[in-house]
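What follows is a single structure, written as structure tokens, with notes after it.
Please treat every number below as a calculation from the coordinates, not as lab data. As the structure is a computational prediction, the values presented were derived from the model and not from experiment. As a convention, Cβ positions derive from the backbone with ideal geometry for all residues, glycine included, and neighbour counts pool all protein chains shown.
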Amino acid sequence: MTNTITHWLNNAPFAGSSGATAPVTNPATGVVTGEVALANVDDARAVIDAAAAAFPGWRDTSLAKRVQVLFRFRELINERKEELAAIITAEHGKVLSDALGEVTRGQEVVEFACGIPHLLKGGFTENASTKVDVFSIRQPVGVCGVISPFNFPAMVPMWFFPIAIAAGNTVVIKPSEKDPSAANWTAELWKEAGLPDGVFNVLHGDKTAVDELLTNPTVKAVSFVGSTPIAQYVYATGTANGKRVQALGGAKNHAIVLPDADLDLAADAMVNAGFGSAGERCMAISACVAVGPIADDLVAKISERAATIKTGDGTKDSDMGPLVTKAHRDKVAAYVDAGEEAGAKVVLDGRTVKADGGENGFWLGPTLLDNVTPDMTVYTDEIFGPVLSVLRVETYDEAMALINSNPYGNGTAIFTNDGGAARRFQNEVEVGMVGINVPIPVPMAYFSFGGWKASLFGDSHAHGMDGVQFFTRQKAVTSRWLDPSHGGLNLGFPQNA
Ligand code: NAD
């Protein structure tokens, strides 16, 4: 029997009427394991309408009750996160421990959202004018769309929906077609936690589903995470249709290693950040910039460590899984070919990896390129694979110029024992998330996640206080309760006389 992953509305599966589907594949075996529904416009409207119908009831549900549901949801994730990790590994390919890590980082946003009563507290000023009080409140915006990429099928939607729901909104999640099942598993968990019908909905599909979310007037806010061209499109289309939009895009993350750095620490970090999740992370380090005379030593240390990585099926004892699709695997391999042809030195060649997994898996092993120069496509483009490029420069200023002239600005890191250099780096670098001897500086849930430049379109980053602000609208109320002394006409503009 075919495993069909359907939409989800009103706490139940919804087949829709389009009849169109896309295959879902296990990247470690190459076997098609199911198919996911692709919405037509009617299907998309049905899901959005369910979210709209649930909004008034959920908005008016007390904070105390909303938080009880959130706590139950948090407990259920905690008890059953292995199930979700297994689903992620089966459709994305990342190793189980990494999938579990993704779920845990998402869960932290749920925990942050459990504090929503405190986070929504407004300000109150008594007697701003005689007998006049002023206060501010935050109210939910309505139906919120969340469009997510393939690389974090559980965590990225969790950057947004816990806060959106806690704040009283209803949501429609549009997952990646490549690994759609995590969203349905999450929907079932919400149901078990007691979330009312229509508050959390899943819409599967491609551009048709996305376009409906961007143009349907019922949808008030859209959170997007994916590649830069689509992020730009989503931001332009959503805002032109009167929505608030936060659209997080692609990345090309650099790590600078200064001559005084602890080279063992730096080499460990380069391997973890370059090859973890097969480089399919928006915070992966793709370019390692070696400053001064340490380059030979650093390359040797990275190479020695990377050579020990076991590539294979994420359910086995592997360090690194396959890439998500065959097309993506071939595209990444083609970048390595192009780098080699342009003169980069292939220190470690993942194209010939012997993986512990299916013969038809989408394998590419850790690949280390040295002597990469800024004109090579392996450097200019986001690769999103297990390829680490080493660029050699003489000075800190040259390294900084490389980063700041890059169109992306998601994450970056510096490795040094010089506090002054680190402080200068954090001040000068035009990147949204900065690590100091930390290779993947993903902020905690109570801070906000987001890049600069072509890595984010919009004003709000994800989660933290930015998330609370994005999913609420502010209202200021000025009130006067009459007492016997009040009276008289005054046509002047209200002022504090
Ligand atoms: P993608 O842009 O191909 O897809 C993202 C979402 O957009 C998916 O839900 C997809 O169905 C939809 N989509 C794809 N093409 C579309 C189109 N033409 N019109 C409308 N919608 C469309 O991204 P991906 O390949 O799934 O994910 C990888 C990308 O995401 C990388 O560029 C990575 O850097 C980026 N990413 C960024 C962050 C961040 O925080 N900045 C986090 C994770 C991933």
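Structure data summary
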item: Spherically averaged projected area of the chain from its Cα convex hull (nm²); result: 27.1 nm²
item: Relative contact order for the chain, counting Cα pairs under 8 Å that sit 6 or more residues apart, in percent; result: 18 percent
item: Separation of the ASP206 and THR104 label points, Cα + 7 Å toward Cβ, nm; result: 3.8 nm
item: Under-5 Å amide H pairs with ASN410, H placed in peptide plane, nonlocal only; result: LYS252, GLY432, TRP452
item: Euclidean distance of C-alpha centroids, region 421-447 and region 189-247, integer Å; result: 29 Å
item: About the Cα centre, charge dipole magnitude for the chain (Lys/Arg +1, Asp/Glu -1 at Cβ), debye; result: 1800 debye
item: Region 144-266: C-alpha pair distances exceeding 26 Å, %; result: 27 percent
item: Residue order, fewest to most surrounding Cβ atoms within 10 angstrom, among VAL110, VAL132; result: VAL132, VAL110
item: Relative contact order (%) - region 328-450, alpha-carbon pairs under 8 angstrom, separation at least six; result: 18 percent
item: Proportion of all alpha-carbon pairs of region 1-156 beyond 25 Å (%); result: 50 percent
item: Residue-wise HN-Hα coupling along region 455-466, computed from phi with Karplus coefficients 6.51, -1.76, 1.60 (Hz; x: Gly, Pro); result: 8, 7, 10, x, 10, 10, 8, 8, 6, x, 5, 4
item: Region 253-436: Cα Rg divided by the 2.2 N^0.38 Å rule of thumb; result: 0.98
item: Mean separation of Cα contacts under 8 Å, 6 or more apart, over the residue count of region 253-436: relative contact order %; result: 28 percent
item: Kirkwood Rh and Cα Rg combined as Rg/Rh, region 68-173; result: 1.16
item: Vicinal HN-Hα couplings computed from phi for region 66-80 (Karplus, 6.51 cos²θ - 1.76 cosθ + 1.60; Hz; Gly/Pro x); result: 4, 5, 4, 5, 4, 4, 5, 4, 4, 5, 5, 4, 4, 6, 10
item: Dipole magnitude of region 267-421 about its Cα centre (Cβ charges: Lys, Arg +1; Asp, Glu -1), debye to nearest 20; result: 420 debye
item: Long-range amide H partners of THR21 with built H, under 5 Å; result: LEU38
item: From phi via Karplus (6.51, -1.76, 1.60), per-residue ³J(HN,Hα) for region 150-164 in Hz, x at Gly/Pro; result: 6, 7, 9, x, 9, 5, 5, x, 6, 5, 10, 5, x, 6, 4
item: Placed amide H near GLY34: partners under 5 Å, 5+ positions off or other chain; result: VAL24
